[in-house]
Amino acid sequence: MIPETNPVLIFTDGACTGNPGPGGYGVIVKQHNGSQEYAQGYRLTTNNRMELLAAIVGLGSLKQRSHVKLYTDSKYVADAINLGWVDAWRARGWRKADKTKVLNPDLWQQFVRLIEQHEVEMIWVKGHAGHPENERCDKLAVDAAHGKNLLVDTGYEQSREIPKSQPGLF
């Protein structure tokens, strides 16, 4: 058991211009020894992927097992953990109850591995409601999505099918 004193606070947000479109994430990690910000943009992705990636980057930045309070404005991320959806998806081989494939299984698998390394409390916050860290993460994410040198989200781009009517488009 990890003591709850001095939990690590992680604030996350994802953004996408179009969905899909250029996207980015923003993260703030606050620990007893200070805080760190992370942001990165991608040329083609989805908002949900950026929300998940923000949480992955935040947890992935931790060097030791920690008690974490992870704040997100994404119901997609918060509910999947807090309501146990991700456990059911994993038990069914990353399929939903209707047997269709879960979206973003590459990121969900990374996220689950990181959550299992820490004690994580998922906290949903309303976006664009004046929460200072959420507002900062949103700015980081939007700026990253509009930045130069956008990375390739291979997990998204490789999972897309080329429409038969438009060969060579991708």
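Details
- Residue list for region 104-150, restricted to those being of a type outside the set (S, T, N, Q) and part of a loop (DSSP other than H, G, I, E, B): His118, Val125, Lys126, Gly127, His128, Ala129, Gly130, His131, His146, Gly147, Lys148, Leu150
- Within region 31-52, being out of contact with any helix residue (DSSP H, G or I) (no Cβ under 7 Å at 6 or more places or on another chain) and in contact (Cβ under 8 Å) with a residue 60 or more places away in the chain holds for Tyr42, Arg43.
- Only one of the listed residues (Trp89, Trp94, Trp85, Trp108) is crowded, with 17+ Cβ neighbours inside 10 Å and over 21 Å from Gly23 (Cβ atoms). That residue is Trp89.
- Within region 115-124, being surrounded by fewer than 18 Cβ atoms within 10 Å (Cβ to Cβ) and either in contact with a helix residue (DSSP H, G or I) (Cβ under 6 Å, 6 or more places away or on another chain) or acidic (Asp, Glu) (or both) holds for Glu116, Glu119, Glu121, Trp124.
- Selection of region 136-153 for residues being within 16 Å of the chain's Cα centre (by Cα) and either at pLDDT below 95 or within 18 Å of Ile28 (Cβ to Cβ) (or both) yields Arg136, Cys137, Asp138, Lys139, Leu140, Ala141, Val142, Ala144, Ala145.
- Only listed residue being free of Cβ contacts under 8 Å to residues at least 40 places away in the same chain and not small (Gly, Ala, Ser), chosen from Val27, Val8, Val112, Val68: Val112
The values are calculated or read from the model by the stated rules, or taken from the named source; none is laboratory data. Quantities reported herein were computed from a predicted structural model and do not represent experimental measurements. Cβ atoms come from the backbone with ideal geometry, glycine included; neighbour counts cover every protein chain shown.
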